[in-house]
Amino acid sequence: MSIERTLSIVKPNAVEDNNIGNIVGRFEKEGLRIAAMKMVKLSKERAEGFYIEHKSRSFFTSLVTFMTSGPVVLMVLEGEKAVERNRTIMGSTNPADAANGTLRKLYAKSLEANAVHGSDSLASAEREISYFFDKNELCGRF
Ligand code: CMP
């Protein structure tokens, strides 16, 4: 067994559209466990720090503005191969390319307002989880 943890964010557009429950329910239905969860409104500094790897990209300022435009739900998902399974459930970053039935196909509005964020690797997951959660906030089984 390869039990992993990964970070998921329900983005402001999906919170605004009342899709938190649909998204959390989907993760649970797919067998991923919620090991931690909180709803927050990110400050500009916190959003910039989270997306620091994209700092030089043309979309960085707009992405930070969007991610601070309303509350988000931060979650740690736990389960076997959680990083890859979460990415499959989310679908492609650009909803135009996302497969039918994926979260982004169902709930995204655009490439930026693409409903959910998920860690892209185990190394990113470790960084992203520790960016938002203290160790004592993790309530997983493993
Ligand atoms: P996310 O998984 O949150 O990681 C970075 C985000 O940048 C991505 O989802 C998109 O919402 C957003 N983004 C905006 N423009 C682009 C782009 N051209 N390529 C990749 N990501 C983009």
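Overview of results
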| read-out | value |
| --- | --- |
| Across Lys41/Lys135; Lys55/Lys81; Lys81/Lys105, pairs whose alpha-carbon gap is larger than 27 Å | Lys55/Lys81 |
| Cα-based radius of gyration of the stretch 94-142 once divided by 2.2 N^0.38 Å, which approximates compact folds | 1.46 |
| Cα gyration tensor of the stretch 80-120 - equivalent ellipsoid semi-axes, whole Å, descending | 17, 10, 7 |
| Cα-Cα P(r), the chain, percent of pairs per 5 Å interval | 2, 11, 21, 25, 23, 13, 5, 1, 0 |
| Solvent-accessible area, 1.4 Å probe, carbon plus sulfur percent, for the stretch 2-142 | 49 |
| Computed label-point distance, nm, for sites Glu16 and Arg46 using a 7 Å Cα→Cβ extension | 1.9 |
| Sequence-separation-based contact order of the chain, relative, with Cα cut under 8 Å and 6+ spacing, percent | 38 |
| Ellipsoid semi-axes in whole angstrom, largest first, where each is sqrt(5λ) of the Cα gyration tensor of the stretch 33-101 | 23, 18, 12 |
| Nearest-20 debye value, the chain charge dipole, Cβ charges on Lys, Arg, Asp, Glu | 140 |
| Accessible area per residue, Å², the stretch 19-142 with all protein chains present, probe 1.4 Å | 54 |
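The values are calculated or read from the model by the stated rules, or taken from the named source; none is laboratory data. Note that the structure is predicted; figures quoted are calculated from it, not measured. Ideal geometry is used to build each Cβ from the backbone, glycine not excepted, and the neighbour counts take in all protein chains shown. Quick note on the areas: whole protein, heavy atoms, side chains included, nothing else; ligands and nucleic acids left out. Shrake-Rupley method; radii C 1.70, N 1.55, O 1.52, S 1.80 Å.
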